[in-house]
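Visitor: Supplied in structure tokens, the structure appears directly below.
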Amino acid sequence: MSRNTSIQVTLKNISKHFGSVRVIDNLDIEFKAGTLTTLLGPSGCGKTTLLRLVSGLEPPTGGEIWFGEQDVSQFSATQRDVGMVFQSYALFPHMNVEKNVGYGLTVLKETKEKIRDAVSRVLETVNLEGFQKRYPDELSGGQQQRVAVARALVLEPKVLLFDEPLSNIDSKLRRSMRDDIRGLQQKTGITSIYVTHDQAEALSVSDEVVVMNDGAIEQQGTPRDLYQRPNSAFVANFIGDSNVVDAILVAEEEGSAIVLGETRIDLEKRKVENRPGKIKLSLRPEMFQLRETGDEKKHVMGTIAHSAYVGAVVEYFISTPVGELFTTAPVSEEQYAPGRKVFLHFHPDELIILPETRG
Amino acid sequence: MQVSFGERSFRVGIFTWAVIGVISYWILPWFALEYGLFDATMDEYWDTLGWKSHPVSMLTPVFLLLFIPIGWANWSREIQGRLLVSLALVATLLLAVDFIIPGRSMGLGTGVILIVLAALFSYGIARLGFLQGDIFISGAVTVVIFIILVFVFYPVLQIFYKVAVTKEGDFAPFQFFNIITSFGIGRVVLNTLLLAISVGVATTLLGLLFALYSVRATSPLRHLMRVFYILPIITPPFVVGMSLILLFGRAGILNDVLMYFFGSGGLFIPEGVEGIFERSGYIYGFRGIFLAQVLSLTPVSYMVIVGMLTAINPAMEEASLTMRGSRWITLKKVTLPLLAPGLANAFLLGVISSAADFGNPLVLGGEYDVLSTEIYFSIAGAQLDFAKAAALGILLLVLSLTIFLIQKKYLGKKSFVTVTGVQTAGNVTPLPARLQRYLSVFVCCWLLLIGILYVSIFLGGFVKQWGADYTLTFMHHKELWTNGFSSGGWPSFMNSLIFSFIAAPLTAILGILIAYILTRKRFVGHGVIDFGTVLIFAVPGTVTGIAYIMAFNTAPIELTGTAIILVITMIIRAMPVGIRGGMSALSQISPSLEEASLLQRAGSFKTLRSVLLPLLRSTIISSTAYSFIRSMTTVSAVIFLASAGTNVATTYILSRVESGDNGVAVAYGSVLILTMLAFTLLVQAVTGRSRIEKQM
């Protein structure tokens, strides 16, 4: 049922105020046709509000919402043609699976046979054939979640919305469920918006991620983009782990260099857009290798403050002249006791230089 | 051009309503009939038709038909909405003026046309984007606001109006102060306050003890506390007072016993010596009312405190125990402070209920006047002093409203939440052993007293003359039930049943609708409904009674003497039950269920019908049942409004008490209690935990 009629969702200058609280203020955002875009951010950042604005459940205070070439700002949720998977699933407890999934079709006054066929077809796509007569309280959490997805899909909406759909599912199952959602979205090609506060879920499931903070967009881009080129300390910290440190950028004839405490790192051919002077760096924990030996001029020297064995890796907190740095090392390597002096080796290309204006 | 489904239903809706209006203009009475609709002759009916006698007879139908082209025209939503809204408002205004100026009363047809206008108004505001253009909810909001304006605000304003004008209709701004500073009123207010506060303190203390006992004691006796839930529900408020008279009255059992031993010629008194005891009416006055109110109101405070007590997380008390606090210390330093809001709530509830109580002071008051009875006596009988009744009503209203607002502000919405006995996880800390022993004795005494009270009510109906002649007899019951359906107790009993039967489902539905609008919707006018609800909760029954008499005795809305006004009174009086039930049920239904339905293209009407109503089914049943019981047992407001033809059970009983026929009154009361008990048990059997309740 792939559709070539996917539409782009555009929010223009959208605002939502609750009394004097400006949850969302003059936001512009595009969700590309046929893609799955995640709204990612800490709780209270306005991501769920944004989703509800798109659904029509919440009227905007100002601004416009466009589905493709149509302005739907004045449409109520009932008229907007969106499907939504709620955090709590919101399955009707007094209806069995078939009635739940077929609810929208009965509203449209379809014939009984048509409803039955449509329901069994959509249940098949979520691997729940044969569950028609079960009631929600007779299903596991994962099954309930899939019923909710089936119900959102059955009317073939223009836009699919997911409001933290996996937050009530235990972590093992979550991994396979998010793959299912991803697969389903790609198969149907319905433009989808997905809200979560779990960055791993966001990275794995989306075509694009929008990182939100305090009602504003911090950065929008592909998962890889966000991880490798975060444009603010907030994004660097929110997507994966990161050590954000101060450094100084110096420009010389043969190329730029970064002064990080005692250490000086030549950037060689790498292009830098920042102006020379104070900058902020994001150092990913996994870019470091811990060595007993090193050159103070090229590697960051530090002392192990404390370490923790967490199974697959050992986590180290290392006191250095630029502040405490967090890193991990494979268990197979030598373990360093607190107080040991170590050198942090890394490749200059892996340094992330955060843009000036932010963070 | 293709007309969409929504557009078509909009047009059809407007067309239908306009046509209903025109038809009712043609066939239903425009003016009120002198003797009611069913007793009118054909000629009288003919005369009240608007198009016959109305000076501008064609204006109304033309005006109504005007709505149709507006609804069908292809104008913008904005223009259509504005036109509909302003036309409907203008029409309502014209109607009101047309009746108020000549002082004539509206007939049924006018009522229907008002409803039609309300519907057209709702279509208009929905067009303007009110409540996201939802016609059904717009209509519901309009109707609820209309009801609140007419049956809550208007009567209350009438009290203020009546106190500001003299009997002759002159403006008298200081009349209120003259009345409340006149002789005797200060004493009445003091009496009311003294009684209310003592009853508040007593019921709170007793409620706390009983609550601790029922939740924390290990003795099997605590299961008997269940009667606390049932008895006050099914007992008309003044029946406790009546039974106190049987026990402690002048001819009561206690007097008899004391006379037998200590009176002149008594067992312990030597021949020829004066008795040291004389029969006396010690129960009449403060003591009696106090005792009756404490007996009937303690269960209420008990339920509030039990709800609070079971909501306390047992872990907190366990924490205290692990820190070497004894059970006593734990109770004193942890449990009681945590209960404080519940205790305050119970106290305020006790105060309000005592001040609003009418039946017990009427039966037991004697010389002790309180506001509620004083209001009644100002307009009962020959006095007919409306200004005084209104002034006293204002005092009572202000008192009750103040306490209610304090409660609402400082104690949150707790009073809205129905108290359920849900036990949280963990082990509750039992009572200190000694406390439990004392309490057991006390609870036994209390239950015994209640037992004697109820037994005496039932026996009282079967003895010839309580206090004088204890011969068993059926004469009272015979007088009530075997003299045909048109005399004795039957007419009032049937009236009670029929009125309550009509009022109860309407109360439940309206209550749930108001709860739904209040909790789930935000809109302009929300405050009106919110304040209206506060008034519905806070206005004492006596005040409702005089307000209705003043508001609906004259044009333009003349309803006194009809059954309609009694049904409406019952609905408004039982509304708190409906609203509370609706609120607590809705708080258990996640709003996302409705949102899920809306996103499946269902409108709000379909959502209400297919999603909410099935989930609210058991609430609707229990709300209906309790509204029914409340309507059956209500006294304070209906006593002002019941007339010879519309007497109900409670007013009939009171009239027999007043004429001294205690035997008949008690016999009737016991039948009423049994009816209510049977009904309650039946409802509880039917609404046993259903599948849906378990899922929520």
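Every read-out reported here was derived from the displayed coordinates using simple, explicitly stated rules and does not represent laboratory data. For clarity, every value in this text was computed on a predicted model and none was experimentally measured. All Cβ positions, even for glycine, are placed from backbone atoms using ideal geometry, and neighbour counts span all protein chains on display.
Visitor: Would you grab the residues whose amide H sits under 5 Å from the one on A:N213? Only those 5+ places off in sequence or on another chain, please, with H modelled 1.01 Å from N.
Guide: A:E218
Visitor: When the helix-only estimate is applied to the protein assembly as shown (DSSP H runs of n ≥ 4, each -39,500 (n - 2.57), divided by the residue count), what is the mean residue ellipticity at 222 nm, nearest 500 deg cm²/dmol?
Guide: -17000 deg cm²/dmol
Visitor: Could you put B:V156, B:V666 in order, starting from the residue whose Cβ has the fewest other Cβ atoms within 10 Å?
Guide: The most exposed by this proxy come first: B:V156, B:V666.
Visitor: Mind checking which lysines have their Cα closer than 25 Å to the Cα of A:K187? Skip sequence neighbours fewer than 8 apart in that chain.
Guide: The qualifying lysines are A:K32, A:K99, A:K114, A:K158, A:K172.
Visitor: Averaged across A:89-98, how many Cβ atoms of other chains sit within 10 Å of each residue's Cβ atom?
Guide: Taking all residues of A:89-98 together, the mean is 5.
Visitor: Any idea what the alpha-carbon Rg over 2.2 N^0.38 Å comes to for segment A:9-236?
Guide: Taking the Cα Rg and dividing by 2.2 N^0.38 Å, one obtains 1.02.
Visitor: Could you tell me the center-to-center distance, by alpha carbons, between segment A:173-197 and segment B:125-188 in angstrom?
Guide: 57 Å
Visitor: Over the protein assembly as shown, what lengths in whole Å, largest first, do the semi-axes of the equivalent ellipsoid take, defined as the square roots of 5 times the eigenvalues of the alpha-carbon gyration tensor?
Guide: 67, 42, 26
Visitor: Give the relative contact order (percent, whole number) for segment B:515-590; include only Cα pairs under 8 Å separated by 6+ residues.
Guide: Computed over segment B:515-590, the figure is 46 percent.
Visitor: Pop out the ³J(HN,Hα) list for segment B:477-484 in order, Karplus 6.51 cos²θ - 1.76 cosθ + 1.60 with θ = phi - 60°, rounded to Hz; leave Gly and Pro as x.
Guide: Calculated HN-Hα couplings, in order: 5, 4, 4, 6, 10, 10, 9, x Hz.
Visitor: Which of the helices in chain B meet the span-like rule: DSSP H, Cα axial reach of 24 Å or more, Kyte-Doolittle mean at least 1.0?
Guide: Answer set is B:77-100, B:108-127, B:185-216, B:286-311, B:336-356, B:386-410, B:433-460, B:490-520, B:563-587, B:662-686.
Visitor: Please compute, for the alpha-carbon atoms of segment A:241-354, the extent along each of the three principal axes and give them in descending order in Å.
Guide: 44, 25, 21
Visitor: What whole-number volume per residue, in cubic angstrom, does the convex hull of the C-alpha atoms of segment A:104-172 give?
Guide: Normalising the Cα hull of segment A:104-172 by residue number yields 108 Å³.
Visitor: To the nearest Å, what is the center-to-center distance of segment A:289-314 and segment A:16-57, using C-alpha atoms only?
Guide: 41 Å
Visitor: Using Cα-Cα distances under 8 Å and only pairs 6 or more residues apart, what relative contact order does chain B have, in percent?
Guide: Rounded, it is 16 percent for chain B.
Visitor: May I pose another question? So which lysines can A:K341 reach, going by Cα to Cα under 26 Å and dropping same-chain residues fewer than 8 places off?
Guide: Answer for A:K341, where 26 Å is the Cα cut-off: A:K280, A:K297, A:K298, listed by chain and number.
Visitor: Take the alpha carbon atoms of segment A:151-199, find their radius of gyration, then divide it by 2.2 N^0.38 Å using N residues; give the quotient.
Guide: 1.15
Visitor: What is the magnitude of the charge dipole of the protein assembly as shown about its Cα centre, with +1 placed on the Cβ of each Lys and Arg, -1 on the Cβ of each Asp and Glu, and no other charges, expressed in debye to the nearest 20?
Guide: 1300 debye
Visitor: Here's something else I'd like to know. Only counting other Cβ atoms within 10 Å, I'd like B:R187, B:R127, A:R229 sorted with the fewest neighbours first.
Guide: With the fewest neighbours first, B:R187, B:R127, A:R229 line up as B:R187, A:R229, B:R127.
Visitor: Separation between the B:A340 and A:E138 pseudo-spin-labels, each 7 Å from Cα along Cα→Cβ, expressed in nm?
Guide: 5.1 nm
Visitor: Enter the Cα centre distance for the pair segment B:631-681 and segment B:550-568, rounded to the nearest angstrom.
Guide: About 21 Å separates the Cα centre of segment B:631-681 from the one of segment B:550-568.
Visitor: Please name which of A:V313, A:F346, A:V245 has its Cα lying farthest along the dipole of segment A:241-354 towards the positive end, using unit charges on Cβ (Lys, Arg +1; Asp, Glu -1) and the Cα centre as origin.
Guide: A:V245
Visitor: As a footprinting exposure proxy, order A:C45, B:C445 by other Cβ within 10 Å, with the fewest listed first.
Guide: The fewest-first ordering by Cβ neighbours comes to B:C445, A:C45.
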